[in-house]
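The values are calculated or read from the model by the stated rules, or taken from the named source; none is laboratory data. It should be emphasised that the depicted structure is a prediction, and the values quoted were computed from it without experimental measurement. Because the Cβ atoms are built from the backbone with ideal geometry, glycine has one as well, and the counts that use them run over all protein chains shown.
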Amino acid sequence: MHVQRKIFWLLGVHTLLASLSISTIAETDSFYESVTMDVFGHDQLYSFFNFTTQWIFRDQFNPQHYNLFPRSFGQMMQKYNVSELHFTMTQGLWRYNVWGLPHASAPTGAQLWVWFEKGTVDVDKSWLGFTNALSGLFCASLNLINKAVTVTPKLSFRPSGAVEGGKIDSSYLRYGALARENLCTENLTPWMKLLPCGSKAGPSYLLNPSRLHHSRYLSIGIHFKPVCVDTGCDVTAIQLQQHVSVVYDIRSATDEMPNFSFRSLFHRRIKPGCKLAESSILKVKMPKDSYLVPAIGEELAGYLTVDLFSLNSDTNFEVKWKKRPSTTTRSPAPISSHCYVTGLGIDGGIMCSITNTLAHNLTVVFFQVIPWFLHTQLHTLQVEVGGMKTSPLAVYFAPAKIRDTPQTLEVVLSLPADSVTCLRVDFSRGFLTWTEHPPDANHGFYVTPATITIRSSDLGSERPGVVERIYSEALLINIPVPDFSMPYNVICLVCTVIAVAFGSLHNISTRRLQKVPASQPSTLKAKLMLLKSKIFHKKEKELGQANT
């Protein structure tokens, strides 16, 4: 009996420990960091910093205690019922024809699109509160994303994470962009504070703000979404991905061009990996006739991979060339877009050309947000391929409400192999009241870049279900501007009239009038003679008193 009790006791302890280990695994978070570097030719360096925090939950995302996941961000997701978030801020323009496809595409300015949880009572109220909260978190002007720039796409910006029930309801999607929003150091600082190690270790130590803003292209992003942990999606997790894309001009950064080092570009050496990370990796795509100093790491999938945990101290990696390169090592993107404004005066239009260099047809979704003061004429929509008119596969157009909501244009296009497809739509410029113009009204208004969505599998990618987005330039459109000197003239005229009329009336009504006696002299000469007689009379009186 004693032996049986001992066996049962050991089985009970083993069962308890197993249940505790299962519960610990069921709710755990992990952190991964990496930096990938590509050399464009011999004078450009593209660096992509990627930081991923994943948190596994048994039931739903409703935590009370936080470990690696940032608490300020998680509480904001809970309060506003956010299911999926994608936010980017970009300075500069990605050149698809020169640099190819980036690891993470982003348009110029700020872009935000959010999927709210199903069952959210008032999506517009949650969207308004969330944009204001996100604006405070990242010190950005996202509070300017109001109804006048917010749309609900029907065909673009599908969820990239796990969807509850597998059904997509576009009424829970909101999209907004500010093409004129600048990326500053004050936006990068709170972004770094969301990392478990901040900017103290690993690849994040290379993010030197004073050097980042000397680059040709800079983009930061943050993406929040639910993901499946197992194949059947029985266990889900929330994933927070933060990334930075930066393109440096080596010619202006170092005198040793084409050779360069981390210290010459970032003004810092790279530190060993963050101790809280599961993995910390440096990947460098070495061009032909180049080598890395110190010579460590191994070749994986075309990249020289270095485990940053293997570093004992801060290391200054250098890329050196055996001979000066003469050709570029980066192939252009298979699909690109270029948009511009047409027309003169009140009438105008938007023309976009989409180039497909692949040997097979592509199906893409063209998305454009047009402000309400550009009155779009949908019947002028034209699609041409090689000068021949063709019909789009599908068109979705949401008209604007004056001074309320913008216009949304989504067109499904079939791009023939090795062709250039042109899409054009005309508009007429509206009139704004003088109080609706910004302080620099003659600068014009920005129209958010057009978005072209395409499946990655059509571009030869091995990632199923992933889409690529290609962005065009932001458009600058001038609209009729009133004569702002007229209000100034009116104000000056009114103030002058009021000053003259009111001043005279006030002077007459408040002045105290007194009658001057007739015996007193009125002329200046008489007054002087009177003053002289008083002075001499006073002196004679004083002399008489002295003699007595």
*What strands (runs of 3 or more DSSP E) lie completely within region 276-337 and have 2 or more residues being surrounded by fewer than 18 Cβ atoms within 10 Å (Cβ to Cβ) and touching a residue at least 12 places away in the same chain (Cβ under 8 Å)?*
279-285, 290-293, 303-307, 318-321
*Do the conditions hold for S245, that is, is it in contact with a Phe, Trp or Tyr (Cβ under 7 Å, 6 or more places away or on another chain) and under 23 Å from S105 (Cβ atoms)?*
yes
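Could you say whether any residue in region 445-455 is more than 28 Å from the chain's Cα centre (by Cα), farther than 30 Å from L344 by Cβ and of a type in the set (S, T, N, Q)?
There is no residue in region 445-455 that is more than 28 Å from the chain's Cα centre (by Cα), farther than 30 Å from L344 by Cβ and of a type in the set (S, T, N, Q).
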*For region 69-101, what are the residues that are in a helix (DSSP H, G or I) and closer than 19 Å to I56 by Cα?*
R71, S72, F73, G74, Q75, M76, M77, Q78
*Considering only region 348-406, state which residues are closer than 25 Å to Q111 by Cβ, touching a helix residue (DSSP H, G or I) at 6+ places or on another chain (Cβ under 8 Å) and part of a loop (DSSP other than H, G, I, E, B).*
P371, W372, R403, D404, P406
*Provide a single number: the residues in region 242-275 that are under 13 Å from E318 (Cβ atoms), assigned to a loop (DSSP other than H, G, I, E, B) and among the basic types (K, R).*
1
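Quick one: how many residues across region 160-186 are in a loop (DSSP other than H, G, I, E, B), in contact with a strand residue (DSSP E or B) (Cβ under 8 Å, 6 or more places away or on another chain) and either modelled with pLDDT of 90 or more or closer than 22 Å to V447 by Cα (or both)?
Qualifying residue count for the region: 5.
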*asked:* So, in region 338-347, how many residues would count as being surrounded by 14 or more Cβ atoms within 10 Å (Cβ to Cβ) and either part of a loop (DSSP other than H, G, I, E, B) or without any contact (Cβ under 8 Å) to a residue 24 or more places away in the chain (or both)?
replied: 1
*asked:* Every residue in region 365-423 that is surrounded by fewer than 21 Cβ atoms within 10 Å (Cβ to Cβ) and of a type in the set (F, W, Y), please.
replied: W372, Y396, F397
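So, I470, is that one under 42 Å from the mean Cα position of the chain (by Cα) and at pLDDT 90 or above or not?
yes
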*Can you tell me which of V481, V490, V516, V497 is in a loop (DSSP other than H, G, I, E, B) and at pLDDT 65 or above?*
V481
*asked:* Please go through (1) surrounded by 16 or more Cβ atoms within 10 Å (Cβ to Cβ); (2) modelled with pLDDT of 85 or more; (3) of a type outside the set (S, T, N, Q) for H267 and return the number of the only condition it doesn't satisfy.
replied: (1)
*Go through region 91-110 residue by residue and tally those that are touching a Gly at 6+ places or on another chain (Cβ under 8 Å) and either of a type outside the set (A, V, I, L, M, F, W, C) or surrounded by fewer than 20 Cβ atoms within 10 Å (Cβ to Cβ) (or both).*
2
*What number of residues in region 433-460 are crowded, with 18+ Cβ neighbours inside 10 Å and farther than 18 Å from L155 by Cβ?*
3
